[in-house]
1. Quick one: which strands (runs of 3 or more DSSP E) sit completely within segment 364-450 and have at least 1 residues that are within 30 Å of A268 (Cα to Cα)?
2. Any residue at all in segment 353-360 that is in contact with a helix residue (DSSP H, G or I) (Cβ under 6 Å, 6 or more places away or on another chain), away from ligand 2 (no atom under 16 Å from the Cβ) and more than 26 Å from S169 (Cα to Cα)?
3. Looking at (1) hydroxyl-bearing (S, T, Y); (2) more than 16 Å from ligand 2 (Cβ to nearest atom); (3) closer than 30 Å to D305 by Cα; (4) out of contact with any strand residue (DSSP E or B) (no Cβ under 8 Å at 6 or more places or on another chain), find the lone condition where S118 falls short.
4. Please tell me if G343 is touching a residue at least 40 places away in the same chain (Cβ under 8 Å), on the phi > 0 side of the Ramachandran plot and away from ligand 1 (no atom under 12 Å from the Cβ).
5. Any idea how many residues of segment 392-425 are surrounded by 22 or more Cβ atoms within 10 Å (Cβ to Cβ) and either over 24 Å from F236 (Cβ atoms) or without any contact (Cβ under 8 Å) to a residue 12 or more places away in the chain (or both)?
6. Tell me the residue from D422, D353, D357 that is out of contact with any Gly (no Cβ under 6 Å at 6 or more places or on another chain) and over 28 Å from D305 (Cβ atoms), please.
7. When residues of segment 261-280 are filtered for being near ligand 2 (Cβ under 9 Å from one of its atoms) and more than 17 Å from D320 (Cα to Cα), how many remain?
Amino acid sequence: MKKVYIKTFGCQMNEHDTVKMLLILAGEGYLETGSMEEADLMLFNTCTIREKAHHKAISEIGRAVQLKGLRSDITIGVCGCVAQQEGAGLRKRYPMIDIIFGPDRILALPELLMRVRSGGTADALDLIDDRSNYRFMDKVPAEGCAPISAFVLAMKGCNCSCSYCIVPSVRGREISRPADEIVEEVGALARAGSREVTLLGQNVSAYRSGDGRRGEGLAGLIRRIAGETEIERIRFTSPHPLFINDELIGEFADNEKLCPHIHLPVQAGSDKVLKSMKRGYTRDLFIERASKLRESRSGMSITTDLIVGFPGESGRDFEDTLNMMRRVGFDSAFAFKYSPRPGTWAAEGMCDDVPTDAKERRLSELLALQRSMSRDRNEALVGTIGDVLAVGTDRMRKGFITGRRADNRIVHFAGNPSIIGDIVPVRINGANDNSLNGELCHDGEEVQRS
Ligand code: SAH
Ligand code: SF4
Ligand code: F3S
């Protein structure tokens with residue numbers, strides 16, 4: 001067997017693409033290895049969402065290229081969003097790269113490898129914007145090999161034009177995957193051992209089973225998956241606040257399989273900043289949707305993404321963001337310093353005028369606020385019992401299991417590894433900033449869930 005080393009950067013979309021690439025490569029006789037040194041093929045599935053992510057990918061590729069200087073028989077492939085952004089130009093910097101391919105051309109991988117074997121380099125960089133020409137990867141792991149929690153692609157691309165964001169230019173236009181195909185894949189994953197799926201899309205809330213705006217939306221898709229497959233938990237990411245409609249909110253209320261958690265990126269809390277980000281909603285609209293979501297289901301958890309230091313963000317705008325965070329009471333949040341991305345509206349037409357030290361100060365103030373809100377919300381759960389999907393052993397503590405509650409909180413509890421893959425009742429007895437501690441409820445114990 002040949003060996004492939006694959007390094008994945010960025011979002012769940014890339015994680016998903018890596019899993020599919022490994023399945024494709026298994027068909028070509030490749031086994032995964034965790035060591036660069038013993039690989040015949042090294043793949044870098046890259047991200048360019050912020051400058052730092054881009055640098056990280058480039059420096060890892062640099063390491064691989066050095067290794068190839070010592071062992072010329074290694075094949076180096078670069079894929080993902082840096083590959084799409086930089087294209088064949090990447091070879092100017094690193095002539096040793098054999099293959100460069102974009103996120104829409106993963107299925108071409110066997111053919112690209114064949115071209116390299118017969119000498120030379122191979123690239124596949126076109127974005128596919130036409131639904132009839134786009135094929136979603138449908139390979140599913142064999143029985144017993146499926147991840148407990150699996151990603152399933154619902155759509156690709158993004159038609160939004162958030163002024164800071166490079167994603168539309170590297171992932172192309174939206175194409176929704178036919179609902180039958182998605183239901184079939186979830187069914188196959190459930191049969192192969194998965195308990196939970198996360199439906200993926202850059203703006204998954206824009207999902208439509210038909211062409212353009214026609215057909216069933218995300219709520220209908222979730223209903224079908226819940227009704228037609230054996231999967232126990234359904235999640236989706238990432239939705240856009242503007243696309244959260246009453247039907248989807250109703251699904252949270254009515255569908256037990258849909259987990260009571262939504263990751264709903266708000267980005268900023270000032271109307272002025274939201275407008276220059278071209279997000280298409282106001283602070284009030286976001287607050288209204290978030291409170292409807294909270295009311296839809298008990299224990300509903302809302303998490304978010306935030307950007308600090310966007311061009312023109314004043315101290316007052318930043319205060320508006322903090323106030324909005326308090327208003328919504330996010331359960332947790334990811335926050336980033338604004339990073340200008342080439343070709344975006346904000347980078348080309350606006351001045352990156354918030355000084356780095358102000359960005360840093362705002363970021364740490366925001367994170368401190370979120371930390372205290374997360375802890376308060378976690379502490380409020382002490383004493384309650386919730387169902388936890390045991391996903392693995394706890395890397396920090398021997399004899400402990402790490403699991404995920406339906407509300408997406410991580411819980412650590414003492415347990416036997418034989419329960420991995422099971423959904424078990426766990427009583428919460430301690431809270432941290434980003435996780436909970438608990439104890440398994442034993443058989444015969446009366447379990448009254450809150
Ligand atoms: N498609 C998803 C998320 C895309 S990227 C969505 O729309 O929600 C994940 C997060 O990275 C974004 O939510 C945003 O907070 C952040 N991000 C994107 N571009 C950025 C930039 N140029 N600078 C800083 N953060 C950025
Ligand atoms: Fe980027 Fe906006 Fe699309 Fe998200 S919705 S991927 S932030 S353009
Ligand atoms: Fe990064 Fe591309 Fe995802 S830029 S965040 S890997 S879509």
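The values are calculated or read from the model by the stated rules, or taken from the named source; none is laboratory data. The model shown is predicted, which means the values in this text are computed figures rather than measured ones. Cβ coordinates were reconstructed from backbone atoms using ideal geometry, including for glycine residues, and neighbour counts include every protein chain displayed.
1. Details: elements: 385-393, 400-405, 410-414, 423-431, 436-440.
Output list reads 400-405, 410-414, 423-431, 436-440.
2. To start, the set of residues in segment 353-360 that are in contact with a helix residue (DSSP H, G or I) (Cβ under 6 Å, 6 or more places away or on another chain) comprises none.
Scanning segment 353-360 turns up no residue that is in contact with a helix residue (DSSP H, G or I) (Cβ under 6 Å, 6 or more places away or on another chain), away from ligand 2 (no atom under 16 Å from the Cβ) and more than 26 Å from S169 (Cα to Cα).
3. All conditions are met except number (3).
4. Working: touching a residue at least 40 places away in the same chain (Cβ under 8 Å): yes; on the phi > 0 side of the Ramachandran plot: yes; away from ligand 1 (no atom under 12 Å from the Cβ): no.
Judged against the criteria, G343 is not a match.
5. The qualifying residues number 3.
6. Numbers: D353 fails: over 28 Å from D305 (Cβ atoms); D357 fails: over 28 Å from D305 (Cβ atoms).
On inspection, the qualifying residue turns out to be D422.
7. At the first step, the residues of segment 261-280 found to be near ligand 2 (Cβ under 9 Å from one of its atoms) are 265, 267, 277-279.
Now drop any that are not more than 17 Å from D320 (Cα to Cα), which leaves 278.
The qualifying residues number 1.
To keep it simple, each residue is scored yes or no on (1) within 16 Å of ligand 2 (Cβ to nearest atom); (2) within 23 Å of F243 (Cβ to Cβ).
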{"position": "E111", "(1), (2)": "no, no"}
{"position": "P147", "(1), (2)": "no, no"}
{"position": "L153", "(1), (2)": "yes, yes"}
{"position": "P178", "(1), (2)": "no, yes"}
